[in-house]
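Any read-out appearing in this document is the output of simple, stated calculations on the displayed coordinates, not a laboratory observation. Keep in mind that what you see is a predicted model, and the values were worked out from it rather than measured. Virtual Cβ from ideal backbone geometry, glycine too; neighbours counted across all protein chains shown.
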């Protein structure tokens, strides 16, 4: 959620076309503060966390309760007229809106579920309590789907294709083509495509934020949507997270902390189950670096490869082509370059954030043999690491063929 909230905060001073449509502006200033976008993002996240596994009716009832609770707690955050009235009603009903409010508050749905179908269903529910117009629902689903795809390893081209095929948004324009005539408009159909385009063109998290703000218009909401997707794709720099937290109240950061703790394990990759045998073998080798324990490490990796096990692989956008990616390499203490791989989410989270893929161990090892610039793989580089030279990789693949 940091990405969405930061997008709201950073875009807020330039809403209503108050900026100069440039990417050159201070990220944080005295006017950098949360608005209704952040308040409702927090409200929706809390409601979805409180209703995991419950019925649609229960989820929608909790969404209404939570949104009204947070909206009444922060009544001057800048809500639209119809929504401000809805917040105060005793028996609030959806009012057919296609405003971009449904898309700006939905980021939590992109993180909390294990399939894109569940993600889109949850997004739909968050929209239907107010924005039950087809365009309002579509905007929420598209934003949440983009976040889900970004956090689960899809490339930008794959995300773009999915959004076009499923939601029929026009993503053919560049930001340079959008920017000159874009103006303040609050509909999903004239905000969500622009936000996604800003994400597609951005080169990192900060650049996505700057690109979105530069488009102008309702840029706190547009940047909220773009920032939510960018967080899932790039992560958020630690210093920007701190700036975000310093501008929120304690009740909001409590929800953020709960959400972050939950989502760190919310997406379960069953292909990683069983990798504990690799971690145990590495630990044994650490305790006693004898040949038998080295062979045990290689055997454990081969065993998991034959079982169709996965490694988590950090990736980065390819140079001059942010629609594709390359495997991420790191410099070892030996001064040599190694590709990184992780046996579990917990091992990955010990280090700095990055885009990741989950890929079959055998195909990952085979691909490494073709990269002349690296020495091999370093497994769990932030913990008890183990270096797989290309010679060791060849031995593992030989064992795999014998066991297959």
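Numbers at a glance
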quantity	calculated
Relative contact order, percent, the chain [alpha-carbon distance under 8 Å, six or more residues apart]	18
Ranked list, fewest to most other Cβ atoms within 10 Å of each Cβ, for 286, 2	286, 2
Angle in degrees between helix 56-73 and the longest Cα principal axis of the chain, rounded to the nearest 10	60
Residue order, fewest to most surrounding Cβ atoms within 10 angstrom, among 55, 346, 38	55, 346, 38
Helix axis angle, 291-306 relative to the chain longest principal axis, alpha carbon, degrees	50
Tilt relative to the chain, helix 2-11 - C-alpha long axis, 0 to 90 degrees, to 10	40
For the range 86-153: relative contact order, % (alpha-carbon pairs under 8 angstrom, 6 or more apart)	42
Burial ordering of 311, 25, fewest other beta-carbon atoms within 10 Å first	25, 311
222 nm mean residue ellipticity, helices alone, for the chain (DSSP H n ≥ 4; -39,500 (n - 2.57); rounded to 500)	-16000 deg cm²/dmol
Gaussian network model of the chain, Cα within-10 Å springs - most flexible of 47, 281, 230	281
Whole-Å semi-axes of the range 170-259's equivalent ellipsoid (Cα gyration tensor)	26, 14, 11
DSSP beta bridge pairing in the chain, given as percent antiparallel to the nearest 5	85
Protection-proxy order for peptides 190-197, 161-168, each taking the mean of Cβ atoms within 10 Å per residue, highest first	190-197, 161-168
Once the Cα gyration tensor of the range 270-403 is diagonalised, semi-axes √(5λ) in Å	23, 16, 15
Quotient of Cα Rg and 2.2 N^0.38 Å for the range 1-146, N being how many residues it contains	1.04
